[in-house]
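So the structure is just underneath, and the comments pick up after that.
Please treat every number below as a calculation from the coordinates, not as lab data. Since the model is a prediction, treat every value here as computed from it, not as a measurement. In this analysis, Cβ positions are derived from the backbone assuming ideal geometry, glycine residues included, and neighbour counts consider all displayed protein chains.
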Number of protein chains: 2
Amino acid sequence: MKTSVTVTLKKGVLDPQGKAIEGALHSLGYPGAANVHVGKVITLDLPDDTSEAQIKDMCEKLLSNPVIEDYEIEVQS
Amino acid sequence: MKTSVTVTLKKGVLDPQGKAIEGALHSLGYPGAANVHVGKVITLDLPDDTSEAQIKDMCEKLLSNPVIEDYEIEVQS
């Protein structure tokens with residue numbers, strides 16, 4: 001089954017990459033761009049019998065850093 | 001308006017980060033994980049009168065590298 005995991009920084013964690021992009025968008029002529037945040041999206045195929053608990057285990061142990069990042073799991077089919 | 005842009009590598013472009021994650025998932029006890037790909041998701045607030053052409057301009061000039069990456073725009077509200 002196709003699965004995608006979106007990993008984003010928790011609220012309150014500094015996001016220098018987002019800030020850099022925001023500044024660059026302003027320089028590019030888009031001064032209205034605000035609250036820019038950058039995250040990761042990991043797409044993968046998993047066997048159909050993979051449980052949500054197993055996917056969470058992958059997220060906590062490998063795909064995200066649970067101290068500073070949140071993750072969201074989306075199973076597509 | 002809340003906008004999110006997902007940037008992924010085009011098909012055929014080597015994805016060493018995805019390969020590394022795939023290998024690590026196998027080591028972690030999930031040998032069924034396959035086709036792992038890693039992309040970026042950029043979320044930002046834009047003025048309500050921002051046109052799709054302007055968002056595409058941001059994507060082509062700054063948010064993605066159109067030579068090796070595809071992007072997908074999603075306007076949430």
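Evaluate the charge dipole of chain A about its Cα centre and quote only its size in Debye, nearest 20, assuming +1 on the Cβ of each Lys and Arg and -1 on the Cβ of each Asp and Glu.
Details: 7 positive and 12 negative charges, 83 e Å.
In debye, rounded to 20, chain A gives about 400.
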**Q.** At 7 Å out from Cα toward Cβ: A:LYS19 inter-copy label distances (nm, ascending)
**A.** 3.5
Q: Could you work out how far helix B:16-27 tilts from the main Cα principal axis of chain B, as a 0 to 90 degree angle to the nearest 10?
A: 40 degrees
**Q.** For A:GLU52, label point 7 Å along C-beta direction: distances to other copies, nm
**A.** 3.4
Q | Gaussian network model of chain B, springs between alpha carbon atoms under 10 Å - residue of B:GLY23, B:GLY12, B:GLY39 with greatest fluctuation | A | B:GLY12
Q. If you rank A:GLU22, B:GLU60, A:GLU69 by fewest surrounding Cβ atoms within 10 Å, what's the result?
A. B:GLU60, A:GLU69, A:GLU22
(Q) Calculate the FRET efficiency for A:LYS2 and A:SER27 from the Cβ-Cβ distance with a Förster distance of 35 Å, rounded to the nearest 0.05. (A) 0.40
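Per the Kirkwood treatment, what hydrodynamic radius in Å, one decimal, follows for the protein assembly as shown from the mean inverse distance over all distinct Cα pairs? Can you show the working numbers first?
Numbers: mean 1/r = 0.0605 Å⁻¹.
Roughly 16.5 Å, rounded to one decimal.
Please report A:LEU62, A:LEU44, A:LEU14, A:LEU9 as a ranked list, fewest other C-beta atoms within 10 angstrom at the top and most at the bottom. Could you put the intermediate results ahead of the total?
On the way: A:LEU62 15, A:LEU44 25, A:LEU14 9, A:LEU9 19.
The fewest-first ordering by Cβ neighbours comes to A:LEU14, A:LEU62, A:LEU9, A:LEU44.
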(Q) For a bin width of 10 Å, list the pair-distance distribution of the range B:2-75 built from all Cα-Cα distances, rounded to whole %. (A) 18, 39, 25, 15, 3
Q: Specify, for chain B, the residue whose C-beta is closest to the rotation axis mapping it onto chain A, with the distance given in whole Å.
A: B:VAL41, 2
(Q) Give the average, rounded to an integer, of partner chain Cβ atoms located within 10 angstrom of each Cβ in B:20-31. (A) 3
Q: Run the quick spin-label model on A:ILE73 and A:LYS11: label points 7 Å from Cα toward the beta carbon, then report their separation in nm to one decimal.
A: 2.4 nm
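Across the residues of B:40-50, average count of Cβ atoms on other protein chains within 10 Å? If you can, show how the numbers build up before the last one.
Working: counts 5, 9, 8, 8, 12, 7, 7, 5, 1, 1, 3.
The shielding value for this peptide is 6.
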**Q.** Shortest-first distances to equivalent copies, position B:PRO66, nm, label 7 Å out along Cβ
**A.** 4.3
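List B:HIS37, A:HIS26 from most exposed to least, where exposure is judged by having the fewest other Cβ atoms within 10 Å.
Values: B:HIS37 20, A:HIS26 13.
Placing the least packed residue first, the sequence is A:HIS26, B:HIS37.
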